[in-house]
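For reference, the structure discussed in these notes is given below.
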Amino acid sequence: MTTDDTARDAIATDASAYGGDAPDDTASDDATRGSAARAPLAPPSRRSGLDLSREVDPSQPVALAPGQLQLRPARRGKAPAHLADLTLAERAEAVAELGLPAFRAKQLSVHYFEHATTDPAAMTDLPQDRRAELAERFFPQLLTLVSRQSADHGATQKLLWRLFDGSLVESVLMRYPGRITLCISSEAGCGMNCPFCATGQMGLTRNLSAAEILEQVRIANAMLRSGELPGAREGDPERVTNIVFMGMGEPLANYRAVATVCKRLNAPSPEGFGMSARSITVSTVGLAPAVRKLIAERIPVTLAVSLHAPDDELRDELVPINTRYDVEDILSAAYEYFEATGRRVSIEYALIRDINDQAHRADLLARRLVDKGGPHWVHVNPIPLNPVKGSKWTASDPRVEREFVETLRSYGISTTIRDTRGSDIDGACGQLAATIIESDSHREDREARVARVEAVASRDSAGPVASRDSAGPVASRDSAGSVAPRDGAGVTAADTATDGASADD
């Protein structure tokens, strides 16, 4: 048995999820990032073969600054075993254990993935005297609908679910012309603690199982089959066509389950839902090792990186995982993903008034992206900040927003303002939170963090931000707005053509 195999065997089922290996107490962030003001942090390990979403030794204390990240779920325990957790071969084995022929597994799978039903009365191709037994064994109830809110004349539906242990998660179903998008949750809560995100203020309750995530899709398909999403036009699909892992949680912090879900979404029936990998988007706040591991899955889903700041000083505060995997690391991992899959990476950027929307940050963002691989390996989605309860931050001024977009486009980077569906029902990006009860200490911590962010923003509001970790020459613009290489680096004139492809959902 190899060292990696031994380490993997030592991983606890519900150990902390953060996208990297176990902390190394012998190293510190001060040594790797040159910051004397921060508590010691372990550098990310580059060992291969480990499950990068879990700690190797769950009993070892996490070497991260207190209050920055919640790396261990507050609640442990597994959801009931479900058919969707199993491969088709494993389903056949489970059916055989009940004394039934293996082909019954295929029939059960067709009912679930194609017909979107778990009702034994609808499974008329199964033995009548075994239907209830099979449904109970393979389709335990994982999600219970608590509430349902509508927006956009019913075309957007926010669904609040109670899980088997009482945890709450939300998903959002959206109808667009010619397609239907479902925004799904991968965790109950989130441990990434981004101060402008409602989910981040919840903390992490627990990871969802693969079946709990897939049930959000199956139920959405059942709703569509029964006509519960208004606005259908002739020829519109009757099932979900696009999946975005942009609900509650950090998807790559629940790596095993999310990787399994991507396989089930992509696999043809009866193995899975038979969706195109191109229509599946997995987002991350920056778990670089998990992005690199995702490459090995060989499922060319779209990767979306929630960047929100191009410089480490500000991103450390807006996206605390940046203190472990910084801007250079996540952009490098994202470019590696692009090179391996050929899939253009989406860069998500919430525009916050007077915080991260300055002209020099737009310029720095563009230069860092172009310097990494030219203008055509990414598509940038600026997102007007959606209001979050208790936060004084607001969306950028429309004029500033336009200037930010035009700066990126002047470098030849395809850029599209993201649609903000469902903001009036707290169903838009960054608003999913189920229920938040804020303590006095939590409010004080949040307000202190807001003050730090604003201090960083105000310090450099008058001039450019120099990235402390960027290496090598960076592309600059000439007076005409085209990209010109500096010191022989950057991109060619042919790379400056604007990419007119549309943004992802």
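The values are calculated or read from the model by the stated rules, or taken from the named source; none is laboratory data. Quick caveat, the model's predicted, so the values are computed rather than measured. Every residue, glycine as well, gets a Cβ built from its backbone with ideal geometry; the counts of neighbours run over all protein chains shown. Just the protein is used for accessible areas: all its heavy atoms, side chains included, with ligands, DNA and RNA removed. Shrake-Rupley method; radii C 1.70, N 1.55, O 1.52, S 1.80 Å.
Farthest towards the positive end of the charge dipole of the range 226-315, among the residues V285, P268, F245, is the Cα of P268, using unit charges on the Cβ of Lys, Arg, Asp and Glu.
Among residues other than F139 with Cβ under 10 Å from its Cβ, the summed charge is -1 (Lys and Arg +1, Asp and Glu -1).
Placing dummy labels 7 Å off each Cα toward the beta-carbon, the span from D125 to T394 is 5.7 nm.
When the charge dipole of the range 159-237 is built from unit charges on Cβ atoms (+1 for Lys and Arg, -1 for Asp and Glu) and taken about the Cα centre, the candidate among L173, M202, G235 whose Cα reaches farthest toward its positive end is G235. Placing +1 on the Cβ of every Lys and Arg and -1 on the Cβ of every Asp and Glu, with nothing else charged, gives the range 179-270 a dipole about its Cα centre of roughly 240 debye. Expressed as a whole percent, the accessible surface of the range 153-240 that belongs to carbon and sulfur atoms is 49, based on a 1.4 Å probe. Computed about its Cα centre, the charge dipole of the range 237-352 is approximately 780 debye, with only Lys, Arg, Asp and Glu carrying charge at their Cβ. Computed from backbone phi, the HN-Hα couplings of the range 330-335 come to 6, 5, 5, 5, 5, 5 Hz, rounded to whole numbers (Karplus: 6.51 cos²θ - 1.76 cosθ + 1.60, θ = phi - 60°; Gly and Pro given as x).
Distance between Cα centroids, the range 202-243 to the range 137-196: provide it in whole Å. The range 202-243 and the range 137-196 have Cα centres separated by 8 Å. Here the range 203-310 is treated as a sphere whose radius is the Kirkwood value from Cα pairs; by Stokes-Einstein at 37 °C and 0.692 mPa s it diffuses with a coefficient of 219 µm²/s. In this structure, the residue pairs whose Cα-Cα separation is over 32 Å, taken from K263/K372; K78/K392; K372/K392; K158/K392, are K78/K392; K372/K392. Accessible area per residue for the range 254-319, computed on protein heavy atoms with a 1.4 Å probe, is 25 Å².
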